[in-house]
1. What are the pairs with Cβ atoms under 8 angstrom where one residue, in segment A:268-290, is within 14 Å of chain B (Cβ to nearest Cβ) and open to solvent by 10 Å² or more (accessible area, probe 1.4 Å) and the other, located anywhere, is part of a helix (DSSP H, G or I) and of a type outside the set (Gly, Ala, Ser)? Sequence gap at least six, or different chains.
2. If you scan segment A:345-361, which residues turn out to be more than 7 Å from chain B (Cβ to nearest Cβ) and either within 16 Å of ligand 2 (Cβ to nearest atom) or under 19 Å from residue B:84 (Cα atoms) (or both)?
3. Which members of segment A:115-127 meet the condition of being more than 12 Å from residue A:195 (Cα to Cα) and surrounded by 21 or more Cβ atoms within 10 Å (Cβ to Cβ)?
4. Determine if segment B:86-108 includes at least one residue that is part of a loop (DSSP other than H, G, I, E, B) and either within 7 Å of another protein chain (Cβ to nearest Cβ) or exposed (fewer than 15 other Cβ atoms within 10 Å of the Cβ) (or both).
5. Of (1) over 22 Å from the mean Cα position of the chain (by Cα); (2) within 30 Å of residue B:215 (Cβ to Cβ); (3) at pLDDT 95 or above; (4) not polar (S, T, N, Q), residue A:313 satisfies all except one. Which?
6. Could you identify the single residue in A:58, A:95 that is in contact with a Gly (Cβ under 7 Å, 6 or more places away or on another chain) and touching a residue at least 60 places away in the same chain (Cβ under 8 Å)?
7. For the structure I just gave you, tell me whether residue A:221 is buried (at least 22 other Cβ atoms within 10 Å of the Cβ), under 30 Å from residue A:511 (Cα atoms) and away from every other protein chain (no Cβ under 14 Å).
8. What is the residue count in segment B:166-207 for residues that are away from ligand 1 (no atom under 16 Å from the Cβ), assigned to a strand (DSSP E or B) and touching a helix residue (DSSP H, G or I) at 6+ places or on another chain (Cβ under 6 Å)?
Amino acid sequence: MTEATHEEHAIHDEHIAHGHHDEHDHHGPAKGFMRWVFTTNHKDIGTLYLVTALIMFMVGGAMALVIRAELFEPGMQYVDPNFFNQMTTLHALIMVFGAVMPAFVGFANWMIPMMIGAPDMALPRMNNWSFWILPFAFVMLASTLFMDGGAPAAGWTLYPPLVLQGGAHLPFAIFTVHLLGMSSIMGAINIIVTVFNMRAPGMTLMKLPLFVWTWVITAFLLITVMPVFAGAVTMLLTDKFFGTSFFNAAGGGDPVLYQHLFWFFGHPEVYIMILPSFGVISTIIPTFARKPLFGYSSMVYATASIGFLSFIVWAHHQYTVGMPLAGELYFTYATMLIAVPTGVKVFNWVATMWKGAMTFETPMLFAIAFVVLFTMGGFTGLMMSISPADLQYHDTYFIVAHFHYVLVPGAVFALFAGTYYWLPKWTGHMYDEKLGKLHFWLSTVSVNVLFFPQHFLGLAGMPRRIPDYAVQFAEFNAMSSVGAFIFGFAQLIFVWVVIKAIRGGEKATDEVWEGASEHGLEWTLPSPPPYHTWTTAPDIK
Amino acid sequence: MKKLKLLITGLGIATFGEANADYALNLSPGVTQLSRDIYDLHMYILWICVAIGVGVYGMMVYSIMHHRKSKGVVPAHFHENTKLEVIWTIIPFVILLAMAIPATKVMIEAYDTSASDMTVKVTGYQWKWRYTYLDNGIDFFSTLDAKSNEARQLGVRSNPEAVPNYLLEVDKPLVIPAGKKVRFLFTAADVIHSWWVPKFGWKKDAIPGYVTDAWTKVEQPGIYRGQCAELCGRDHGFMPIVVDVKSEADYNKWVEAQKAQAQKAVTDAAKTYSMAELMAKGEEVYNASCAGCHMANGEGMQGMFPAIKGSAVATGDLNTHLDVVVKGKGQMMPAFGDSLSPVEIAAVVTYQRNGFGNNKGDLVQPSDVSARN
Ligand code: HEM
Ligand SMILES: [Cu+2]
């Protein structure tokens, strides 16, 4: 887009927004609680997703603190090992399916229509459904805590035969997975249909904002793998209650088959959590570097290749199950290949910063921390892809450190970055920059105190998922627990910043960030945007 | 590079003091050729990552320092450079190739279980290991030792520092000879476990119904420790592995002693025991094998593990009680028929029926147990 057309656009949009209000006043939000129950508005649904995700983030975080409290020193202090296992299992399930995924769906709902010039999502009623399934699913999952024998305790991977030893919770946990899967698939279909059919005229695929691209690819991953996961857990259900032996060797089945099915879902799943983060970061860095994104098309191709490769590397989670040598080697080579497109992304981000005119508001700080710390997780990932070395790393705290580096200062920091970036647009108020920076610095320092020592623990021989440990691991565990509590409490600042911005504060301009309107259609809309936007499609040059 | 490593190690020491000298930051090179090869591979890829990191982070830091708006920089407008993009796609490929070749070599080595001198079958149980020597029939279980077990109970408020090798000690270690290629076969009786001794360089899953294999050849006698690495239920954190590697002569002596002991067990099982003998032995067995769930005071855990104290089984029909112990019950109660000897089962059942205020007065002899098998 050229500068001139931009000015025109802004005026044009203003006009649309106002005109719209006069004509369709009855199309504003309904009053009270029912607004949220029956809403089909992409912005309301986005808000619902984001609020749910934030609540689940705090719940999952509280569970993590139970884990880190028990691990603060050697010896069993607070919880029974069985409850400890329930905490690790629920913590992971809640963070993955309750916090990170819904938060990105919230971003998608809010931003995709605004970014592509569409009035709403293509399937608004289904959109309402796909959100409202979630609270019920999580209440069901949480209720297992109060059942005989407690919540699932076999790890979020739910490996048989261990998971089949579980008591009353098993069918509830499995139905939770089914519900979450339905919700994700509906959300994914909605996104694909919206992007393919509702782009403003002139918004060709190769003009799509990168956030939209990453979400389209994520949506295809979701549609492909969620049914596999649903199928695998259904097989667990029939093994437990209907006498089948899919995973029982004594009946002719194979416990490792479950692992293949799980990781065929599970590996793409980790990319489901990180690809939209790539999109957010690729959106934020150019704005604050005041420079176009470097290598737009290679970013698109890299995202697509990561999506493709994610389907053919699953067994790198199973190097120790006794695969044939050829299998080990194949999965080693295929996994190593992921480093290439991932590297391209990192290089492109650095090249975008290069010779820009950077400023360091909170979203940019989180984006930079993302690039640095996600890359750390990429390095350990590359190390683990080497199967002989992974014979040591597998199932140790080294793995715990790896995936937390890609998920916390990776996906979660991208969520923070995106929230600070778009919050003024959503609420119409600037957030408190001082508190935002405080949140950033506390989080960034503590997340490293929390997770960096875990590399050492893993290499020194500490297995993961244990409630107590030998005394030579004491120092780094203590350090990690201190980091965890600081990190946990620092998030209260984030909650406060968000609430504060919703309630009021300095009025945000439409553009919010200097020059942002060159980086996306959403910045040409008023802050906050009217309830319905782009009822007339914008012209894209 | 050396300096960086020193710096990192130095920082570690500065923060943690010398109080605990055996904490480690890195993999151990281990005690076998294979473990050293894996260690070298690990260091090789680590340094490659460090080198790439220095480049990427260096560029970022430079850019953040100099390309700031506050320095009055006017932003450039470039957003593409095909040559550059092709280069930074190709170079990683070459680096990966340089990593894949040594990785392949080491993996082939790790998989070569041929020409072994002896074979030990390792079976994972919740939560102990069973070692069966296929060449000479020696067969025993290895569980967390009593001191660690006592200290790790919730609410004991123990001082783990005072327990030698807390959580890394067993009642009976695996014994193998130095300088011999030992092949291991892994399987499991209940759920998946994973056998890991870091100094040997690898871990391998033990999967019910399947047999996986691996090998080691330890050069020097010594004691090497490890743990179960695959989540296997409540006491996953409490099933350590200890390998006592002996010189060949000592190993042979040990084998002879084991055979003599096995002989003695057969004669022991035919004897009759007094109440005092059974109760003393029974308490020992109870604390090692039962207290993990039913608790040392016999009160069990509400909703999860039934109490022994006043329980219908422990105060009811003797044969039912024996069957539960020998054959197991439900998903959680293991069958002890394999892992405990008739003498041990007789003792522990006697202990359960007379301890905890149950006072049944029953005396169970090994022959009663053998009759139920
Ligand atoms: C360069 C890219 C990456 C590579 C080469 C890589 C490689 C690996 C490998 C080989 C494992 C298995 C290790 C083991 O269990 O022995 C693993 C585990 C894991 N990775 Fe990555 N990874 C990469 C990026 C990511 C990203 C982007 C995420 C998520 C945002 C992620 C999340 C995870 C998780 C959650 C696990 C542990 C799963 C579990 O066992 O519960 N990884 N990774
Ligand atoms: Cu185990």
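1. Between residues of segment A:268-290 that are within 14 Å of chain B (Cβ to nearest Cβ) and open to solvent by 10 Å² or more (accessible area, probe 1.4 Å) and residues that are part of a helix (DSSP H, G or I) and of a type outside the set (Gly, Ala, Ser), the close pairs are A:290/B:69.
2. Matches in segment A:345-361: A:345, A:348, A:349, A:351, A:352.
3. A:127
4. No: segment B:86-108 contains no residue that is part of a loop (DSSP other than H, G, I, E, B) and either within 7 Å of another protein chain (Cβ to nearest Cβ) or exposed (fewer than 15 other Cβ atoms within 10 Å of the Cβ) (or both).
5. Unmet for residue A:313, out of (1) over 22 Å from the mean Cα position of the chain (by Cα); (2) within 30 Å of residue B:215 (Cβ to Cβ); (3) at pLDDT 95 or above; (4) not polar (S, T, N, Q): (1).
6. A:95
7. No; evaluated as a whole, the condition is false for this residue.
8. 2
The values are calculated or read from the model by the stated rules, or taken from the named source; none is laboratory data. Since the model is a prediction, treat every value here as computed from it, not as a measurement. Virtual Cβ from ideal backbone geometry, glycine too; neighbours counted across all protein chains shown. When the accessible area is computed, the model is the full protein with side chains, heavy atoms only, and any ligands, DNA or RNA have been set aside. Shrake-Rupley method; radii C 1.70, N 1.55, O 1.52, S 1.80 Å.
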